[in-house]
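Everything below concerns the one structure shown next.
Read-outs throughout are calculated quantities, based only on the coordinates presented, and are distinct from any laboratory measurement. For clarity, every value in this text was computed on a predicted model and none was experimentally measured. Cβ sites come from the backbone with ideal geometry, for glycine too, and all protein chains shown count toward neighbours.
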Amino acid sequence: MRAYVDSDVLIRHLRGDPRAESLLRSMDKDPDVEFWIGALQRAEILFFMKLSEERATRGLLSRFKTEPVTEQVVDAAAILYRRWNPTHGIDVSDAILAATVMTTGGKIVTLNVKHYPMPDVIVAQAW
């Protein structure tokens, strides 16, 4: 199963949070898990990384396949955003990741489960 790991988890890993390291290690041991990241989550990580983190960041990201943002995903994300932003405050990045998962299958692994209230999206609390 595709596991789209949200940027919050990966940033914690890069900053040395042992819970993030443990989570990724346990997921890596599961032969049914494929590491994926959404294009916007990849952008968030790269845009906001510290220069001192570049080598570790690129090393971590090399373990993930990146799902591009397609027209179909953007159209679905727009519907999700209009539906869920007023009540749950989701942002564009959340809506696009949710639409990506709805389009490609898999689940989202995140620290912010509340950002993904959509009933058709499988979400796992990272810890």
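Pairs of Lys residues in the stretch 2-125, spaced 8 or more positions apart or belonging to different chains, with C-alpha separations under 25 angstrom: 5 in total. With θ taken as phi - 60° and the Karplus curve 6.51 cos²θ - 1.76 cosθ + 1.60 applied, the whole-hertz 3J(HN,Hα) list for the stretch 18-27 is x, 5, 5, 4, 5, 4, 5, 5, 5, 5 Hz, x standing for glycine and proline. Ordering Gly106, Ile79, Phe48 by Cα displacement along the dipole of the chain toward the positive end leaves Phe48 in first place; charges were set at the Cβ atoms of Lys, Arg (+1) and Asp, Glu (-1).
Counting only Cα atoms, I'd like the Rg/Rh figure for the chain, Kirkwood definition for Rh. Intermediate results must be reported in sequence, preceding the final value.
On the way: Rg = 14.1 Å, Rh = 14.7 Å.
Ratio value, two decimals: 0.95.
Put simply, the amide H of Val123, placed in the peptide plane, has neighbours under 5 Å in Ile108, leaving out anything fewer than 5 places away on its chain.
Under the simplified labelling scheme, the Ile79-Leu51 pair shows an inter-label distance of 4.6 nm, with each label point 7 Å from Cα along Cα→Cβ.
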